[in-house]
Every structure is written in C-alpha cells, then in structure tokens.
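The values are calculated or read from the model by the stated rules, or taken from the named source; none is laboratory data. No experiment lies behind these values; they were computed from the predicted model shown. When we count neighbours, we look across all protein chains shown, and the Cβ atoms used for this are built from the backbone with ideal geometry, even at glycine. With ligands, DNA and RNA removed, areas are computed over all heavy atoms of the protein, side chains included. Shrake-Rupley method; radii C 1.70, N 1.55, O 1.52, S 1.80 Å.
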Amino acid sequence: MTGGYYSIEQVFHVKAGDFASAGEASSQIKKILKQLGIDSTLVRRVSIAAYEAEMNLVIHSVGGELKLKVTPQSIVVTAEDKGPGIPDIDLAMQEGYSTAPEIARELGFGAGMGLPNIKRCADRLNIQSKVGEGTLLEIYFDIKAR
Amino acid sequence: MKLKEYYHSVTLRRDKCRGCTNCIKRCPTEAIRVRDGKARIIAERCIDCGECIRVCPYHAKVAVTDPLSSIERFRYRIALPAPTLYGQFKNVSDINVILAGLKNLGFDYVYEVARGADYVTAFVKQALKDPNRKRPIISSSCPAIVRLIQVRFPELIDNIVDVDSPMEITAQLARNEFCEKYGVKPEEVGVFFITPCAAKMTSIRNPVGRKESSVDGAISIQEIYGQLYNQISKLKREDVAQMASPFGVGWANSGGESLALGIDSYLAVDGIQNVIRVLEEIEDDKLTDLEYFEGLACPGGCVGGPLTVENGFVAKNRIRKLSEKAKGRPVSEDELHEVGQKISWRLDEKILPKPVMKLDDDIVEAMKKMETIKEIYESLPGLDCGSCGSPSCRTLAEDIVRGYASEMDCVFKLREKVKQLALEMIELSEKIPGGRKEKERQE
C-alpha cells in the first residue's frame, strides 16, 4: 500500500451546555467516514462513540474539542477539555453512574451509559483526567484490511 | 445487466426544464445537478422518491409509467389498485364502486392490494416474534426508502424485514386465483398495478430483494383518473366483492401499516427528510427499545404520492372513513399457512449496499480527495445558492474533485476572476506607449 503514513485531521469545537448544536460534530464525522469508504459497521461504531464523547463535552465539561484523525490503518477520535476533570475514572466507567446535572437529565441524557458505551464501541481507549485541569479521552479504532 | 441496474421511472423532460435550483436543493441523495442550463439526474444516486416531481414548478420532472392502452398486450388483464386510489374520489362511500369502475375500464379482474397488505401484516407479525432479528425491524413496503437505505444507510440493510411488499404479494395471489378460476395460462394474464408512486414503477422493472417482479406494468392514478371518475359517476353499485380489512385499506396512510401490526413500540414517519433524520438516529443506536420502523417517502404516506390527483390531506381523511367500512377480515393462521406455501413472499435476494457517496475505492486516494474538497470548500462563498448547478458549496467542491465541475461554475468565483482580469487589462493598457500615463505626462 502506498502512502501508509498519510493522515487527515478535522477539529470541531464543542460548547458547554449547547444542546441546540449538540450532535453536529459527530454527524459530520459520520459523513466524512462514509465518504472515505470506511466499512459501514465501523462507521457506526465510531459515530456512536463520537456522539457520546461529544455529549460528554456538552454536558460535563466547560467546553472543548472533538478531533477526528484518520490514517489508512486507524481512526482516532479525541475529546479534550479544560475542566472540570473526573475525580474517579473507574467509577465514571461504571454503567449507570452519572453526575449529569438536572437540565441534561430532563433532556433524556445522563443515563450513565456514555463512557461504558464508548468503551464498548472502541478497539482501545485512553482516558486521562485531572480535577481542575481537564480530561483527555482518546478512542482508537482499527481499520482492518479487507 | 448494467442497463437494468440504472433504470429509473423518474426522468427529465428537457424541453420543460428551465435550469432553476428547486429540484437540486430538495433531492435527498444529492442526485441532481444543473449543467448547461438543464437538470441532469445522476442515475446511480437516484432512488425514485419523486421529491423532484413534487417540487418542479414547470413539471419538467416526470415519472414514466405505462399507458392504460398497454394492457391490450394481454388477453386477460388484472388491475391491482393501491389502497391510495380509494381516497381520490369525492362522494364515494363504497369501495366496491371503485373496483367495479376499474373493470369497466377494460380489466377482467380486480384484486385489492389492500388485501395483499393484510397478508404482509400477518407475515411481518411472524417476523416480529423472532427475537434474533435486528431491531428495529424496518418495513420494506416503501421502495424509495429501501433504496435510500442502500445508498445512505447500508448498515441498516439487515434490519429491513424480508417480507415482500403488498404489491408483489397481491400480484401473485391475483394471478393464481384468476388462472385457477378460469383455467387460463399464467402467461396470458397481464397484472397491472394502479400506482400513486414512481418508485413502484422502478421496482417492477428493477426489483430490489427479488429476481423478477410478478407485476407486468404500472399505470399511474393520474393516467386513469379521468376515465375512472366517469365510470364511477355512472355506476350505482356493482357486484364486486371487496375483500381487504380496514387495516389493509389503512395502509394508504402513514402509520396504517404499523397500526395493523397491533404493537406498541413502533415509529411511523413520513416525508423523506423526516425519514432520513430518524434513520440517522437508528444508525447511531439512539432509538433503543424500538420494535418496528415504518418509513414512507411521501408526506402523509402513499396518499401523498406524486402520481395522485387529490390533495393528500383530503385523501387521508377519506381513507380513514372508507377503511371503517371495509368488509374483509384479518388473515387467519390457516389462511396464512396456505398462502405461504403457494407464493414467494420472502425477499430472497440479498439487498446490496450502494455506497455512491464514497469518494474513492482506495482509502488514501479518498483521503487526498477529502483534503482537496476541504480546501476548495473554504475558498467558496458558503451561500449554498445553487447557481453553479450543484445543491450546495460543499457539493460543488465534491463535484470539482470528482471532475464533474470547475471552480468557475461558481458565479462569485467567476466575478472575482473577471475583476482580476479587468485589473490586469487596465494595467496592461497603461503600459502601451501613448496610453493614459503618457498623455498625463504631456499635459
């Protein structure tokens, strides 16, 4: 294969509490992946994870960035914010555990399935967080040769 | 085979097209461009939903269907009226009058597609009992939606229920019944669907999920409306046995199909843009606990089909009233078992994805194209005016990269270029000896 190191990146800014445009970044990501001809099952997994990550930024963070990076071998979705950070990552990874505020729950979010869902879709997951500094979530997907 | 693959009922009448932007803007698969002042349909992308037929103010988009005279090819002719036909006429309170009217137009036999719908309901009820099927189970009845899924939602193909449409099931039931009753050969019988819909015509010529259609042709409701109306006003009541149940007749309206299934957790959505929004959510796993999804391309369901005559909302109300009087019973289990043996009711051909949105087969090439698209897109005005002939600035950028358009198709780009050329010309003109600067110096 030629151009093995070729990659493209796209960055989306996600505002905190902005439910009107929530979901737009992940739907853009889905469109890009479909145009790249990525296998539809993988597209589905990535877009579900990207959507959950985007909603986490909207609901929990002070705002941040959702980034898509594609190489011929892999897809990486990164969600990065500047706070408030997750005090106990193990607890946050548990199904049903949620710290979502009332406004998010009223809209039907905050079921405590976000991170577990992301984990279920991803091939690998890296999460780093420091209270008061922010969270970095890297979601990795392998593109299998067909 | 290639030719067959791209047969479309929806076509352009070049002489009537003015090259405006109405259709390119509304096409759900971005399948139309205006080039050289006329619309052009990209065959691989078109799903025959008929949206362009509805929005074209000049009637330049038409659905090719069969003329009524085409039934003369056959010695015996059967009409299969879509339930939508019932809602087209004022002051008709008895479906039998419409069925009898059809016979007077030259058909030997009439079999209601609404009755076929009753069978589909019974087959789908069985499918719903199977816990191993992917949820939500998606209805296969709207051919435009099945094609939309092939083009835009290939991941949902396995959710489409493998029960064929009422039209195909009715066609087989009708032909069998007629041949048995009168002892004639199946090939002597022509079966014609009376259609509100362009996509049905396409699915007769080029079916998805089955090898060949059991229907010989489709005649649009608009084509026979006038003649049928005359027949109806003459008739009092004739001895035709209306067989469909109220539920079968109700299929003409959005939600009718789901209502017939008698389940709780369904979603019935009409209008193609609305259907797309919901399919996006299904694809993203946002609609959990959903058992059944009925998506219909036309507003209000089949009553809103592009080949109907009556206002869809008026028709919807008439269907509601007529369905209450329908005399048929739901299909019994014995009946279903018997019919299941006699006809092919399953979609047994694999429904294949049609990834026409893909930029290139090679991922690196696709990525390079994506980057170029982004660059070009950022240089465009972002007004999505459609003057270039592509539906949006983004699609123009894609078309340029795919080699179907050039940057100068954008009127704003062109204006910039003209301005730049004009400035260059002024500059050049000043360099000519005896030009303006020369004169100024002399003065």
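So which helices (runs of 4 or more DSSP H) stay within the stretch B:309-416 end to end and still have 2 or more residues that are under 26 Å from the mean Cα position of the chain (by Cα) and outside the structural domain of residue B:173 (by TED's automatic domain parsing)? Outline the logic, then answer.
Values: elements: B:312-325, B:333-342, B:363-379, B:393-402.
Per the criteria, B:393-402.
Residues are listed down the side, and each one gets a yes or a no for (1) in contact with a strand residue (DSSP E or B) (Cβ under 6 Å, 6 or more places away or on another chain); (2) open to solvent by 70 Å² or more (accessible area, probe 1.4 Å); (3) over 21 Å from residue B:342 (Cβ atoms):
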{"site": "B:181", "(1), (2), (3)": "no, yes, no"}
{"site": "B:189", "(1), (2), (3)": "yes, no, no"}
{"site": "B:197", "(1), (2), (3)": "no, no, yes"}
{"site": "B:206", "(1), (2), (3)": "no, no, yes"}
{"site": "B:209", "(1), (2), (3)": "no, no, no"}
{"site": "B:214", "(1), (2), (3)": "no, no, no"}
{"site": "B:226", "(1), (2), (3)": "no, no, yes"}
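Report whether or not residue B:151 is in contact with a strand residue (DSSP E or B) (Cβ under 7 Å, 6 or more places away or on another chain) and aliphatic (A, V, I, L, M). Full working, then the answer.
On the way: in contact with a strand residue (DSSP E or B) (Cβ under 7 Å, 6 or more places away or on another chain): no; aliphatic (A, V, I, L, M): yes.
Against the criterion (in contact with a strand residue (DSSP E or B) (Cβ under 7 Å, 6 or more places away or on another chain) and aliphatic (A, V, I, L, M)), residue B:151 does not qualify.
Go through the stretch A:1-44 and count every residue that is free of Cβ contacts under 8 Å to residues at least 40 places away in the same chain and at positive phi.
2
Please specify each residue of the stretch B:58-69 satisfying the condition of being over 15 Å from residue B:108 (Cβ atoms) and part of a helix (DSSP H, G or I).
B:69 - this is the single residue of the stretch B:58-69 that is over 15 Å from residue B:108 (Cβ atoms) and part of a helix (DSSP H, G or I).
Collect the residues in the stretch B:139-156 that are under 26 Å from residue B:341 (Cα atoms) and within 14 Å of another protein chain (Cβ to nearest Cβ), keeping them in residue-number order.
none
Within 18 Å of the chain's Cα centre (by Cα), of a type in the set (A, V, I, L, M, F, W, C) and buried (at least 22 other Cβ atoms within 10 Å of the Cβ) - does that describe any residue in the stretch B:31-42? Walk me through how you get there before you give the answer.
In the first step, residues of the stretch B:31-42 are kept if they are within 18 Å of the chain's Cα centre (by Cα); the result is B:31-32, B:40-42.
Imposing the further condition that a residue be of a type in the set (A, V, I, L, M, F, W, C) reduces the set to B:31-32, B:41-42.
Among the residues that remain, those that are also buried (at least 22 other Cβ atoms within 10 Å of the Cβ) are: B:31-32.
Yes, some residue in the stretch B:31-42 is within 18 Å of the chain's Cα centre (by Cα), of a type in the set (A, V, I, L, M, F, W, C) and buried (at least 22 other Cβ atoms within 10 Å of the Cβ).
Name the residues in the stretch B:78-106 that are in a loop (DSSP other than H, G, I, E, B) and open to solvent by less than 10 Å² (accessible area, probe 1.4 Å), would you?
Residues satisfying the conditions are B:82, B:89.
Being more than 26 Å from the chain's Cα centre (by Cα), polar (S, T, N, Q) and under 30 Å from residue B:126 (Cα atoms) is the filter here, so list the residues in the stretch B:212-244 that pass it.
Scanning the stretch B:212-244 gives a single hit, B:242.
Criterion first (over 30 Å from residue B:170 (Cβ atoms), among the acidic types (Asp, Glu) and within 14 Å of chain A (Cβ to nearest Cβ)) does residue B:361 satisfy it?
Yes: the conditions hold for residue B:361.
Could you check how many residues of the stretch A:6-57 are open to solvent by 50 Å² or more (accessible area, probe 1.4 Å), among the aromatic types (Phe, Trp, Tyr) and within 10 Å of chain B (Cβ to nearest Cβ)?
Within the stretch A:6-57, residues that are open to solvent by 50 Å² or more (accessible area, probe 1.4 Å), among the aromatic types (Phe, Trp, Tyr) and within 10 Å of chain B (Cβ to nearest Cβ) number 1.
How many residues does the stretch B:241-289 contain that are crowded, with 17+ Cβ neighbours inside 10 Å and away from every other protein chain (no Cβ under 14 Å)?
Counting residues in the stretch B:241-289 that are crowded, with 17+ Cβ neighbours inside 10 Å and away from every other protein chain (no Cβ under 14 Å) gives 28.
Is it the case that residue A:99 is surrounded by fewer than 19 Cβ atoms within 10 Å (Cβ to Cβ), farther than 27 Å from residue B:279 by Cβ and either within 14 Å of chain B (Cβ to nearest Cβ) or of a type in the set (Lys, Arg) (or both)? Please lay out each step first, then the result.
Details: surrounded by fewer than 19 Cβ atoms within 10 Å (Cβ to Cβ): yes; farther than 27 Å from residue B:279 by Cβ: yes; either within 14 Å of chain B (Cβ to nearest Cβ) or of a type in the set (Lys, Arg) (or both): no.
No.
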